[in-house]
Amino acid sequence: MPTSKAAISTNWKSRFTKKYLNMTGEHAGEKLNQILLRIEEIHELKLKNDSTILSHYYMPPELQIETEDGGVADHTGDSLSLSMMGSKTKNKNIIFCGVKFMAETAHILNPTRKVFLPSPNAGCTLAESINGTDVKMLKLKHPGVPVIAYINTNAETKAECDIICTSRNAINIANSFESDTLIFVPDKYMGQNLVNLFKNETNKKFILWSGSCVVHENFMENISDMSRLQPNAEVLLHWEVPGETVTNVLNNAKGMVGSTADIIRYVKESSSTDFILGSECDLGATLKGKFPEKKFFTPCTYCSFMKEITLLNTLETIKNIGTKNEDERLITIPEDLRQRAYIPLKRMMDLS
Ligand code: SF4
């Protein structure tokens with residue numbers, strides 16, 4: 001529901017400015033006013049153009065704060081929850097504040113809706129590390145071995161795989177196969193973490209691809225150093241952090257490895273007050289907003305692809321709906337490819 005200008009201003013200023021935006025300096029007021037005006041305009045256009053905004057946890061704070069709290073997002077979440085949301089939305093148009101494979105996934109799941117990505121440069125190193133031909137070659141080399149693809153893959157790659165998984169359901173998905181060998185693409189680090197997890201429990205073997213997330217592979221030295229400086233803090237690590245780092249850090253400090261949703265749940269349930277975050281920096285904004293009484297230390301590695309999405313290009317995208325420029329940011333996938341990519345996604349959702 002759109003919020004009135006007065007309500008947005010009051011909510012935004014009182015609840016989020018200090019916590020999230022940390023604006024100081026002589027132009028802080030001016031910048032904040034500009035943000036407020038853009039938020040207001042987006043609210044009006046969402047209503048006029050029958051649109052919903054889905055926003056990933058790695059978006060800048062002004063994009064991931066939900067409408068009811070004065071921001072612009074109708075739903076904020078991780079890849080899986082946003083995909084599910086995209087498949088159910090009643091609005092004609094979805095503005096996806098995330099990266100390209102996510103917007104594609106929303107379109108694959110809900111072809112009756114138009115999905116827009118505010119910047120064509122919002123890619124992903126993991127998704128771009130593999131394509132459909134690579135998967136076909138893997139299948140030729142390992143006939144009969146099931147292929148699990150992480151959701152961070154393009155439609156063409158998904159279409160060649162048996163099932164999709166996210167960081168939240170990877171273990172269940174791997175366990176759902178009787179085969180003792182599985183191909184897992186494209187994240188070698190998440191694959192290593194799966195190997196480590198399974199090695200003491202089952203005989204499952206994983207054939208891994210060599211893709212990696214440019215953000216999470218950097219959490220090596222800085223996390224260990226921070227952990228030494230904050231010995232009472234628990235360490236929160238995403239599945240995409242290299243397996244070796246995860247093992248080293250968790251051998252010396254209390255904490256966990258898991259998906260974004262697992263991290264949020266863990267903080268909620270933990271009695272600790274201090275945490276070191278080994279994931280994208282803006283997840284820290286979500287955590288600070290949800291748990292203001294807790295303290296978060298983060299090396300602050302940003303995903304430059306996620307930061308391609310801004311309040312301004314989100315506003316421009318929603319403004320262009322229904323004009324001759326609409327197609328510039330519209331996600332399109334040939335129908336036969338969309339249908340093939342839908343099959344492994346549907347299998348995942350049936351098991352989730
Ligand atoms: S954080 Fe990593 S996996 Fe996520 S979009 Fe950025 S590069 Fe891709």
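The values are calculated or read from the model by the stated rules, or taken from the named source; none is laboratory data. Fair warning: this is a prediction, and the values are worked out from it, not measured in the lab. All Cβ positions, glycine included, derive from the backbone under ideal geometry; neighbour counts span all protein chains shown.
Only a single item in (1) outside the structural domain of Lys92 (by TED's automatic domain parsing); (2) assigned to a loop (DSSP other than H, G, I, E, B); (3) within 26 Å of Val147 (Cα to Cα) is not met by Ala341, and it is number (2). For the range 27-59, filtering for residues that are touching a strand residue (DSSP E or B) at 6+ places or on another chain (Cβ under 9 Å) and either of a type in the set (D, E, K, R) or within 16 Å of the ligand (Cβ to nearest atom) (or both) leaves 7. Note on the range 265-284: among residues that are within 16 Å of the ligand (Cβ to nearest atom) and not hydrophobic (A, V, I, L, M, F, W, C), the one that is surrounded by the most Cβ atoms within 10 Å (Cβ to Cβ) is Gly278.
Of the numbered criteria (1) free of Cβ contacts under 8 Å to residues at least 12 places away in the same chain; (2) of a type in the set (Ser, Thr, Tyr); (3) within 21 Å of Ser224 (Cα to Cα), the one Ser271 fails is (3).
Might you let me know whether the range 88-96 holds any residue that is closer than 24 Å to Thr260 by Cα, outside any loop (DSSP other than H, G, I, E, B), more than 16 Å from the ligand (Cβ to nearest atom) and free of Cβ contacts under 8 Å to residues at least 24 places away in the same chain? Among the residues of the range 88-96, at least one is closer than 24 Å to Thr260 by Cα, outside any loop (DSSP other than H, G, I, E, B), more than 16 Å from the ligand (Cβ to nearest atom) and free of Cβ contacts under 8 Å to residues at least 24 places away in the same chain, which makes the answer yes. Count of the range 113-166 residues, restricted to those that are away from the ligand (no atom under 16 Å from the Cβ), within 21 Å of the chain's Cα centre (by Cα) and either in contact (Cβ under 8 Å) with a residue 60 or more places away in the chain or within 19 Å of Lys204 (Cβ to Cβ) (or both), is 8.
Residue by residue, here is whether (1) within 16 Å of the ligand (Cβ to nearest atom); (2) in the same structural domain as Gly132 (by TED's automatic domain parsing); (3) aliphatic (A, V, I, L, M); (4) at pLDDT 95 or above holds:
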residue: Thr247; (1), (2), (3), (4): no, no, no, no
residue: Ala253; (1), (2), (3), (4): no, no, yes, no
residue: Ile263; (1), (2), (3), (4): yes, no, yes, no
residue: Thr286; (1), (2), (3), (4): yes, no, no, no
residue: Arg329; (1), (2), (3), (4): no, no, no, yes
residue: Thr332; (1), (2), (3), (4): no, no, no, yes
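For the range 107-123, give me the residue count where each residue is over 14 Å from Ile333 (Cα atoms) and surrounded by fewer than 23 Cβ atoms within 10 Å (Cβ to Cβ). Looking only at that region, the number is 4. Filtering Glu104, Glu128 for residues that are touching a strand residue (DSSP E or B) at 6+ places or on another chain (Cβ under 9 Å), more than 12 Å from Ser51 (Cβ to Cβ) and surrounded by 24 or more Cβ atoms within 10 Å (Cβ to Cβ) leaves a single hit, Glu104.
Right, Asn222: more than 30 Å from Val99 (Cα to Cα) and either of a type in the set (A, V, I, L, M) or not in a strand (DSSP E or B) (or both) or not? No: the conditions fail for Asn222. Considering only the range 288-314, state which residues are within 16 Å of the ligand (Cβ to nearest atom) and either under 15 Å from Val235 (Cβ atoms) or in a loop (DSSP other than H, G, I, E, B) (or both). Residues satisfying the conditions are Thr298, Pro299, Cys300, Thr301, Tyr302, Cys303, Ser304, Phe305, Ile309, Thr310.
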